[in-house]
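Computed from the coordinates by the stated procedures, all read-outs in this text should not be read as laboratory data. What you see is a predicted model; the values in this text were computed from it and never measured. Cβ sites come from the backbone with ideal geometry, for glycine too, and all protein chains shown count toward neighbours.
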Amino acid sequence: MKIIIINGPNLNLLGKREPEIYGSLTFDAFLKGLQRKYTGVEITYYQSNIEGELIDKLQEVGFSYDGIILNAAAYTHTSVGIGDAVKAITTPVIEVHISNTFTRESFRHQSFISAGAKGIIIGFGLKSYELALQSFL
Ligand code: DQA
């Protein structure tokens with residue numbers, strides 16, 4: 001089974017970015033743990049701070065992979081283009097967020113991703129990614 005985790009802008013700073021909201025673990029360390037735990041799954045990872053690059057990656061993997069775990073970060077709340085890409089591809093997408101966006105500023109309550117997603121997992125810290133992975137399994 002081939003699963004990809006796609007992270008959007010500023011998630012490369014996990015570990016040092018607002019640790020009171022996003023925790024103090026780097027995504028690299030978290031990913032290594034996930035890959036060690038789920039050896040039967042091919043888990044690849046992509047991160048970009050650039051909207052078009054995220055769309056390109058969704059198009060590239062979105063007809064062949066078994067699942068996409070997508071945290072579009074701030075673009076979740078702004079990007080019609082990423083939302084359209086999620087709808088255009090055939091690989092199921094699970095939208096995840098580390099923080100509970102509904103307990104935060106109102107601009108974070110809107111998502112352009114959700115309508116095209118298979119499901120949504122929000123607010124469980126980095127565990128959100130693992131829950132998404134388990135749902136694919
Ligand atoms: C986030 C929530 C977004 O509102 C924010 O812009 C992020 C991270 C999360 O995982 O909690 O960058 O997607």
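One table, with the values for the structure above:
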{"quantity": "Tail fraction, Cα-Cα pairs, the stretch 77-134, threshold 14 Å, whole percent", "calculated": "55"}
{"quantity": "Over the chain, relative contact order from alpha-carbon pairs under 8 Å, at least 6 apart, %", "calculated": "26"}
{"quantity": "Per-residue ³J(HN,Hα) for the stretch 81-94, Karplus 6.51 cos²θ - 1.76 cosθ + 1.60, θ = phi - 60°, Hz, x for Gly and Pro", "calculated": "x, 5, x, 5, 4, 4, 6, 6, 8, 9, 5, x, 10, 9"}
{"quantity": "Helix-only CD estimate at 222 nm, as mean residue ellipticity for the chain, using -39500 (n - 2.57) per DSSP H run (n ≥ 4)", "calculated": "-9500 deg cm²/dmol"}
{"quantity": "Charge context of Y129, other residues only, Cβ under 12 angstrom, K/R +1, D/E -1", "calculated": "0"}
{"quantity": "Max mean-square fluctuation residue, GNM over the chain, Cα-Cα springs under 10 Å, options S24, S114, S99", "calculated": "S24"}
{"quantity": "Sequence-distant residues sharing a close amide H with I98 (under 5 Å, placed H)", "calculated": "G123"}
{"quantity": "Cut-off under 5 Å, modelled amide H: who pairs with Y45 long-range", "calculated": "I5"}
{"quantity": "Gain upon complete extension [H77, L13; 0.36 nm per residue less C-alpha separation]", "calculated": "21.1 nm"}
{"quantity": "Backbone HN-Hα couplings from phi across the stretch 6-18 [Karplus 6.51/-1.76/1.60, Hz, Gly and Pro as x]", "calculated": "10, 10, x, x, 6, 6, 5, 9, 4, x, 10, 8, 5"}
{"quantity": "Per-residue ³J(HN,Hα) for the stretch 30-41, Karplus 6.51 cos²θ - 1.76 cosθ + 1.60, θ = phi - 60°, Hz, x for Gly and Pro", "calculated": "4, 4, 4, x, 5, 5, 5, 6, 10, 5, x, 10"}
{"quantity": "Orientation-averaged projected area, Cα convex hull of the stretch 1-54 (nm²)", "calculated": "4.0"}
{"quantity": "At R0 = 22 Å, FRET efficiency that the Cβ-Cβ distance of S135 and L25 yields, to 0.05", "calculated": "0.55"}
{"quantity": "Euclidean distance of C-alpha centroids, the stretch 112-136 and the stretch 4-70, integer Å", "calculated": "12"}
{"quantity": "The chain: most fluctuating residue of A74, A29, A115 per GNM, C-alpha cutoff 10 Å", "calculated": "A29"}
{"quantity": "Length gained when the stretch V41-F102 is fully extended (0.36 nm per residue, less Cα-Cα span)", "calculated": "18.8 nm"}
{"quantity": "Most fluctuating residue given options T44, T91, T76, as computed from a GNM of the chain linking Cα atoms under 10 Å", "calculated": "T44"}
{"quantity": "Longest to shortest principal axis, alpha-carbon extents of the stretch 2-136, angstrom", "calculated": "37, 37, 24"}
